[in-house]
Amino acid sequence: MSFLEHLEELRKRILLAIGGVGVAFFLCLFFSDELWKFVVTPATAALTHLGVVPPELVQISPMDSFRIIWMELPILAAVFLSSPWIMYQVWSFIAPGLYKRERRWAGPFIISSAGLFITGGLFAYFVAFRYGLEFLMGLAIGKGVHPTISMTEYYDLFVDVMLGVGIIFEIPIILFLLTLIRVASPAFLVRHSRYAILIIVFLAAVITPTGDVFNLALFATPMIILFYVGIFASWLLVLNREQRRFPWRTFLKWIGIGVLVLAAAGWLVARYYGYHFSVSWPFFVR
């Protein structure tokens with residue numbers, strides 16, 4: 001393919017991806033009210049837990065509710081809903097430059113990339129955003145400040161966190177692709193991991209919507225873990241190319257032992273501090 005043909009193929013894939021988002025957008029419009037209830041739940045829970053009455057957001061502009069609930073929120077939901085289709089278009093653009101034996105990674109690539117993006121959104125919603133939101137709003141409680149949050153500011157923060165963490169969770173896929181097209185190797189990634197960790201912390205500081213260390217750690221820690229997951233996936237790819245087997249039995253045995261040790265340690269700590277599991281948020285309570 002010539003350079004112009006590559007550009008034409010890229011244009012085609014971008015239009016198809018946008019078309020998929022458009023179809024998902026119209027589907028999400030029918031559930032706008034339910035989606036907004038889902039989005040506003042962390043704010044209501046945080047305000048209630050902090051004793052703020054009433055635990056509600058504030059509408060500043062007459063157009064805020066229409067713009068957010070009926071336009072921007074369905075678009076955000078459509079991006080997550082159509083993520084498998086978007087990743088399929090990304091793969092379709094890359095696949096012609098791969099060997100035939102490497103194209104069989106299409107299924108795992110699409111499933112894992114979309115799954116990681118959605119998992120990142122769930123992590124942001126149930127962990128990073130909830131803890132970060134309550135932590136930030138609780139800083140002024142008892143200091144003569146009554147927290148009043150506009151729905152616009154809240155939604156902007158929600159989008160930044162959801163999309164930011166969703167993209168962060170794509171780190172293993174990016175490293176796998178770089179290894180697949182032979183731009184990087186597991187040895188190279190391990191050798192320069194200290195620089196990667198420094199860059200990850202810097203990116204977390206930029207992506208984090210606030211400047212406190214608590215939220216920085218919530219963003220940086222998963223990124224570092226996912227970076228090493230990406231190195232592991234790249235190593236599996238290299239072993240497959242060299243027709244070598246990975247010692248799955250030994251690996252899973254040690255992973256199982258590690259999980260049991262961590263579970264036992266967590267149970268002992270929870271018992272010591274008087275925590276127990278709950279089926280509702282925040283899941284672990286005293």
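The values are calculated or read from the model by the stated rules, or taken from the named source; none is laboratory data. As the structure is a computational prediction, the values presented were derived from the model and not from experiment. Because the Cβ atoms are built from the backbone with ideal geometry, glycine has one as well, and the counts that use them run over all protein chains shown.
Miscellaneous remarks
- Among the residues examined, Lys12 does not qualify as within 21 Å of Tyr131 (Cβ to Cβ), loosely packed, with under 14 Cβ neighbours inside 10 Å, free of Cβ contacts under 8 Å to residues at least 40 places away in the same chain and in the same structural domain as Asp160 (by TED's automatic domain parsing).
- Tabulated pairs, the stretch 80-105, first surrounded by 14 or more Cβ atoms within 10 Å (Cβ to Cβ), second assigned to a loop (DSSP other than H, G, I, E, B) and modelled with pLDDT under 75, C-beta under 9 angstrom, 6+ apart or interchain: Trp105/Leu98
- In the stretch 148-166, residue nearest to Thr44 (Cα to Cα) [restricted to those that are loosely packed, with under 15 Cβ neighbours inside 10 Å and not polar (S, T, N, Q)]: Glu153
- Exclusive hit being outside the structural domain of Val58 (by TED's automatic domain parsing), surrounded by fewer than 17 Cβ atoms within 10 Å (Cβ to Cβ) and either of a type in the set (Val, Ile, Thr) or within 30 Å of Ala95 (Cβ to Cβ) (or both), set Ile141, Ile181: Ile181
- Within the stretch 184-226, considering residues that are modelled with pLDDT of 75 or more and of a type in the set (Phe, Trp, Tyr), the one surrounded by the fewest Cβ atoms within 10 Å (Cβ to Cβ): Tyr195
- Restricting attention to the stretch 33-44, the residues being surrounded by fewer than 16 Cβ atoms within 10 Å (Cβ to Cβ) and within 23 Å of the chain's Cα centre (by Cα) number 5.
- Members of the stretch 134-149 found to be assigned to a loop (DSSP other than H, G, I, E, B), on the phi < 0 side of the Ramachandran plot and not polar (S, T, N, Q), listed by number: Leu139, Ala140, Ile141, Lys143, Val145, His146, Pro147, Ile149
- Residue check for Val90: aliphatic (A, V, I, L, M), more than 30 Å from Arg241 (Cα to Cα) and assigned by TED's automatic domain parsing to the domain that holds Ala17: no
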